[in-house]
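The structure under discussion appears below in the form of structure tokens.
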Amino acid sequence: PYEVLVIGGGPAGAAAAIYTARKGFRTGIAAERFGGQVQDTMGIENFISVPYTEGPKLAGALEQHVKEYDIDSMNLLRAEKLIPAKQLGGMHEVVFANGASLKARSVILTTGARWRNLGVPGEAEYRNKGVAYCPHCDGPLFKGKRVAVIGGGNSGVEAAIDLANIVGHVTLIEFDSKLRADQVLQDKLRSMKNVDIIASAQTTEVEGDGERVNALVYKNRETGEEHKIELEGIFVQIGLVPNTEFLKESGLEMTRFGEIVVDAHNATNLPGVFAAGDATTVPYKQIIIAMGEGSKAALSAFDYLIRNEAV
Ligand code: FAD
């Protein structure tokens, strides 16, 4: 058994494992895919002190840093169930898809999240070639260009406001007949001169020249007519889904969106179970934030382990 078992091998998990190993705790880290979302990222320009890097390179560096320590690193292992300790100081158990199970006095959950996809032709083909999911990350790459934001909820409208300050023109596309974002955000967006809003619009295709995106096709859901918008970028903002489905039966407190509820110390409602990164209620989902949160969760696990005797 471990003293600390980290589930998830993205920036949050790697940071958590390194921090607890540095405290001398017997640490294991199990991940379905080491590197997490970072593996799917091309240019990264907001990892402070590193002006430019690329996802696979940073993911490799995360793995390398973990290997510097005496950490049991287990890749391609998908957790399917968390069985919390029955008493304070007891052993938690995590059951994996391959039938294995691991026990630890403290568990740090860092299973991240995934952006909901449109699921239309061209989206996957032009991912990172004009199709983007993170305005904080990729907005500046479209300086002066034409982009669309798909999704009229709070995140879509916030993204459109953010991008309108950077890019040349923004078209916001909403499936429903009206935007769902808070009124104050809608008012702000409507006050911006380089923004068009199109409601009742179903995106049907992402088009490109083989290299990069050059247009978006949508259907007017009232008339059935198809329209094409020429542009250079498409930001998909139809939801970020936490990878927490496997925790539903564990008694862990989660929001209705599936985010693990954590306090300022990254503690969950279950003693000895901590969580960090995109899978949690922490606002703003970013690499540098996930690393900071993972480190905090690890220090909280340390605090828990020295205060609670093993039983
Ligand atoms: P993740 O990176 O999602 O890692 C989760 C880990 O948990 C993975 O190892 C995964 O395999 C594992 N896992 C999931 N479920 C299970 C399970 N059941 N059992 C075991 N393991 C599991 N942020 C920036 O700061 N700058 C950028 O430029 C940037 N660009 C981005 C571009 C794209 C295309 C995307 C998708 C995201 C981008 N982000 C960027 C966001 C950033 O990648 C995330 O905020 C960050 O990776 C979150 O880290 P995390 O460790 O919480 O989760």
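Points to keep in mind about this one:
- Taken together, the criteria place Ser250 among residues that are closer than 30 Å to Ala104 by Cα and either in contact with a strand residue (DSSP E or B) (Cβ under 9 Å, 6 or more places away or on another chain) or among the acidic types (Asp, Glu) (or both).
- Restricting attention to segment 1-16, the residues that are away from the ligand (no atom under 11 Å from the Cβ) and more than 11 Å from Lys103 (Cβ to Cβ) total 1.
- Any hit, segment 30-46, residues being more than 14 Å from the ligand (Cβ to nearest atom) and either at positive phi or in contact (Cβ under 8 Å) with a residue 40 or more places away in the chain (or both): no
- For segment 278-311, a residue qualifies if it is of a type in the set (Gly, Ala, Ser), over 22 Å from Lys103 (Cα atoms) and crowded, with 23+ Cβ neighbours inside 10 Å, and exactly one does: Ala290.
- Selected residue [modelled with pLDDT under 95 and of a type in the set (D, E, K, R)] from Lys285, Lys296: Lys285
- Taking the listed residues Ala97, Ala113, the one that is within 10 Å of the ligand (Cβ to nearest atom), farther than 16 Å from Gly28 by Cβ and without any contact (Cβ under 8 Å) to a residue 40 or more places away in the chain is Ala97, with no other qualifying.
One line per residue, one yes/no per condition, for (1) within 11 Å of the ligand (Cβ to nearest atom); (2) of a type in the set (A, V, I, L, M); (3) surrounded by fewer than 18 Cβ atoms within 10 Å (Cβ to Cβ); (4) in contact (Cβ under 8 Å) with a residue 60 or more places away in the chain:
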{"residue": "Asn117", "(1), (2), (3), (4)": "yes, no, yes, yes"}
{"residue": "Lys129", "(1), (2), (3), (4)": "no, no, yes, yes"}
{"residue": "Tyr133", "(1), (2), (3), (4)": "yes, no, no, yes"}
{"residue": "Val147", "(1), (2), (3), (4)": "no, yes, no, yes"}
{"residue": "Gly151", "(1), (2), (3), (4)": "no, no, no, yes"}
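- Meets criteria (within 30 Å of Ala215 (Cα to Cα) and surrounded by 15 or more Cβ atoms within 10 Å (Cβ to Cβ)) for Gly112: no
- The test for being hydroxyl-bearing (Ser, Thr, Tyr), within 14 Å of the ligand (Cβ to nearest atom), within 21 Å of Ala15 (Cβ to Cβ) and not in a loop (DSSP other than H, G, I, E, B) holds for Ser73.
- Segment 79-94 residues that are under 22 Å from Gly8 (Cα atoms), paired with ones that are among the acidic types (Asp, Glu) (beta carbon under 6 Å, 6 or more apart): Ile83/Glu93
- Residues of segment 253-299 that are small (Gly, Ala, Ser), away from the ligand (no atom under 16 Å from the Cβ) and within 29 Å of Gly239 (Cβ to Cβ): Ala264, Ala267.
- Residue check, Val157 among the β-branched types (Val, Ile, Thr), touching a strand residue (DSSP E or B) at 6+ places or on another chain (Cβ under 6 Å) and away from the ligand (no atom under 15 Å from the Cβ): no
- Wholly enclosed strands (runs of 3 or more DSSP E) of segment 90-190 bearing at least 3 residues touching a Gly at 6+ places or on another chain (Cβ under 6 Å): 146-150
The values are calculated or read from the model by the stated rules, or taken from the named source; none is laboratory data. What you see is a predicted model, and the numbers here were worked out from it, not measured in a lab. We place every Cβ from the backbone using ideal geometry, glycine too, and count neighbours over all the protein chains shown.
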